[in-house]
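**Q** Shown below is the structure under consideration.
What follows is calculated from the coordinates using simple rules that are stated; it is not laboratory data. It should be emphasised that the depicted structure is a prediction, and the values quoted were computed from it without experimental measurement. Glycine gets a Cβ as well: all are built from the backbone with ideal geometry, and neighbour counts include every protein chain shown.
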């Protein structure tokens, strides 16, 4: 009931459509309830009574009620369709807005395929409920209770027979609803799993084919599909256990009442016209009884869908603006990590991290996979928040800053490059939609992307495939770099941004980045020494802590972890040339 109440509250902005729809619904069914009475009068007064003068008025009433019912049904249909479409528009919009505000942790725990299943199948289930289900439920309720009232008016003894059967139907319906609700909930859950499996396999089709795992994935999909089949068959078995009984009771009422009514007509306690009218109302009572199983089936599916959608809506964003925020003016980009501890779930990734990056300087982060390099830069924009300690920019804790203002000052070149199914030009100007083409082109030139873009048939108007399919890894990375450069942030984050390009292209990009990085706080995450050697400070992470810190020259002098990385990358070069790959340009400075 709480779910139904919530759906009703969400319909309030479109109450005019609901009101018009219900008026049309009541008028259409009121005309239908009156028609059996007129048929009874036709038999008693005209056919048996010989009052021919009443034939035309009664026929006129039948024709008028039929026209009114047709118009009312049209108005009802249009109104409820408007209600359902507007309701789903609001729900879809609000749900998308809510999902866009969720933190990275939400998407770490929830599959994209499952979310897509909710946004499509479950919303469509609610639309069907409002467009047609509500009409069927109220229509059958009006038929049943309205006909019962008219039956008592015509012959209370026959009406009592129906009253005795109705409780049996009600008990069966309640038991059916309890069982079918759990069954449909399991079906929706498994449908989300199946959607996730489908989405992952289609997205990763190149990997599947590269490892010749088509048969394995087909079998895995078959297993999940079989689970879905079993759950659907289970709902069918539950349906077949209850609905035939309801259908039998509905059909059984017709001969029972006709038999008793016929005996009353023969005995003289009931007129033939009353029996004709009674027969019309029997159908209106028995049909809802037969339909009850289907109505419960449809309502349960819609309620199950609504519960899942509302579950997402009720998940509050764990990272949001505080009631009172502050923002440094001017925003220079002096970043400090003060005793920061961070982790995912029960796993601790960073422990008591202290890091000071002055405004306009460059800080390089190095270390083995899983040491927390990306976690550090993700805390800058509050995509994740630290467990302990504080991340400050220009002396203000990022938790106290408004999210949009904070993220507007930070440009990310992600480790995993993502491009939209759009033109290259629109992908580059994604962060600055109002940027001129000249600025787009300048950013592409700085990212060494202009040359390959202009060689394409449609140039900057070339539409890239889904997630950038059709472009090489290096091309996608260069477009991503151009996108970040056009964004013109105060703080620039390069998360392994040149890993997919060759050494020559990387060298050219680095030359342009020197100009771009000037007077801009920059964080570089890289594995290549060539990408970090010019940084103002290089931080080497190990086991969640800072193992080494200093400039390129200072760290080479220490001959620690950084020196080991250097040797691994340039040992062969130095052996062949008999010269160091990078000369130490100054005496070692004191390590920070």
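**Q** Going by average Cβ density within 10 Å per residue, which order do the peptides 321-331, 541-551, 365-375 take, highest to lowest?
**A** Values: 321-331: 11.5, 541-551: 18.2, 365-375: 20.0.
Put in order of decreasing packing, that is 365-375, 541-551, 321-331.
**Q** Give me the distance between the Cα centres of segment 430-468 and segment 142-180, rounded to whole Å.
**A** 69
**Q** Restricted to Cα positions, what overall size does segment 275-366 have along the principal axes? Three whole-Å values, descending.
**A** Each principal axis gives a Cα extent; for segment 275-366 these are 94, 34, 21 Å.
**Q** Considering only DSSP beta bridges where both residues belong to the chain, give the percentage that are antiparallel (nearest 5). Mind showing how you got there, number by number?
**A** Details: 20 of 38 bridges.
The antiparallel proportion sits near 55 percent.
**Q** For 223, 349, 377, 71, which order do you get if you count the other beta carbons within 10 Å of each Cβ and list the fewest first?
**A** Numbers: 223 10, 349 21, 377 24, 71 13.
The fewest-first ordering by Cβ neighbours comes to 223, 71, 349, 377.
**Q** Please work out how much length the chain gains when fully extended from residue 220 to residue 237, using 0.36 nm per residue of separation minus the C-alpha to C-alpha distance, in nm with one decimal. Please report the intermediate quantities before stating the final value.
**A** On the way: separation 17, 0.36 × 17 = 6.12 nm, distance 2.60 nm.
This chain segment gains 3.5 nm when fully extended.
**Q** Only counting other Cβ atoms within 10 Å, I'd like 7, 491 sorted with the fewest neighbours first.
**A** On the way: 7 19, 491 24.
Going from least to most buried by this count: 7, 491.
**Q** To continue, here is another question. Give me the distance in nm between label points sitting 7 Å out from Cα along the Cα-to-Cβ direction at residue 313 and residue 2, one decimal.
**A** The modelled label-to-label distance comes out at 1.4 nm.
**Q** Using the alpha-carbon atoms, what tilt in degrees (0 to 90, nearest 10) does helix 156-203 show relative to the longest principal axis of the chain?
**A** 20
**Q** Starting from the Cα of residue 198, step 7 Å toward the Cβ, then list every residue of segment 223-240 with an amide N under 18 Å from that point.
**A** Once the point is set 7 Å along Cα→Cβ of residue 198, 223-233 turn out to lie under 18 Å by backbone N, inside segment 223-240.
**Q** Any idea what diffusion coefficient segment 24-95 gets from Stokes-Einstein, in µm²/s, Kirkwood Rh on alpha carbon pairs, 4 °C, 1.567 mPa s? Walk me through the numbers before you get to the answer.
**A** Values: Rh = 14.5 Å.
Answer from the Stokes-Einstein relation: 89 µm²/s.
**Q** When the helices in the chain are scored as -39500 (n - 2.57) per DSSP H run of 4 or longer and the sum is shared across all residues, what 222 nm value do you end up with, to the nearest 500 deg cm²/dmol?
**A** Values: 21 runs with 365 residues, N = 592.
Theoretical 222 nm ellipticity from helices: -21000 deg cm²/dmol.
**Q** Report the percentage of all Cα-Cα pairs in the chain whose separation exceeds 34 Å, rounded to a whole percent. Write down the numbers at each step before the final one.
**A** Working: 106557 of 174936 pairs.
When every Cα pair of the chain is considered, 61 percent fall beyond 34 Å.
**Q** Going by Cα centres, segment 321-380 and segment 33-75 are how many Å apart?
**A** Here the answer is 81 Å between Cα centres.
**Q** I want to check the label-to-label distance for residue 530 and residue 518. Put each point 7 Å from Cα in the C-beta direction and report it in nm to one decimal.
**A** So the two model labels end up 2.3 nm from each other.
**Q** Separate question: What is the helix-to-structure angle for 55-101, meaning the angle in degrees between its Cα long axis and the longest Cα principal axis of the chain, kept from 0 to 90 and rounded to the nearest 10?
**A** With rounding to tens, the tilt is 20 degrees.
**Q** A further question on this structure: Give me the angle, in degrees from 0 to 90, between the Cα long axis of helix 503-517 and the longest principal axis of the Cα atoms of the chain, rounded to the nearest 10.
**A** So the inclination is approximately 90 degrees.
**Q** Please work out the FRET efficiency for the pair residue 472 and residue 170, using the Cβ-Cβ distance as r and a Förster radius of 41 Å; give the result to the nearest 0.05.
**A** Numbers: r = 67 Å, r/R0 = 1.63.
Result of the calculation: an efficiency of 0.05.
**Q** A further question follows. Work the Kirkwood hydrodynamic radius out for segment 2-314: mean of 1/r over every pair of different alpha-carbon atoms, inverted, in Å. Intermediate values should be presented prior to the final figure.
**A** Values: mean 1/r = 0.0436 Å⁻¹.
Here the Kirkwood hydrodynamic radius works out to 23.0 Å.
**Q** For a quick protection proxy, order the peptides 482-488, 133-139, 54-60 by their average other-Cβ count within 10 Å, most packed first.
**A** Values: 482-488: 23.1, 133-139: 18.9, 54-60: 12.3.
Listed from highest to lowest mean packing, they are 482-488, 133-139, 54-60.
**Q** Would you mind calculating the gained length between residue 272 and residue 557 on full extension (0.36 nm times residue separation, minus the Cα-Cα distance), in nm to one decimal?
**A** Using 0.36 nm per residue and subtracting the Cα-Cα distance, I get 91.3 nm.
**Q** With label points built 7 Å along Cα→Cβ from the Cα atoms of residue 52 and residue 248, find their separation and express it in nm.
**A** Calculated label separation equals 5.2 nm.
**Q** How much length is gained on full extension from residue 181 to residue 66, taking 0.36 nm per residue of separation minus their Cα-Cα distance?
**A** Numbers: separation 115, 0.36 × 115 = 41.40 nm, distance 3.83 nm.
That works out to 37.6 nm of additional length.
**Q** Using just the Cα positions, wrap segment 421-482 in a convex hull and report its mean projected area in square nanometres, one decimal place. Present the calculation step by step, with values, prior to reporting the outcome.
**A** Working: hull surface 14.5 nm².
Its Cα hull, projected and averaged over all orientations, spans 3.6 nm².
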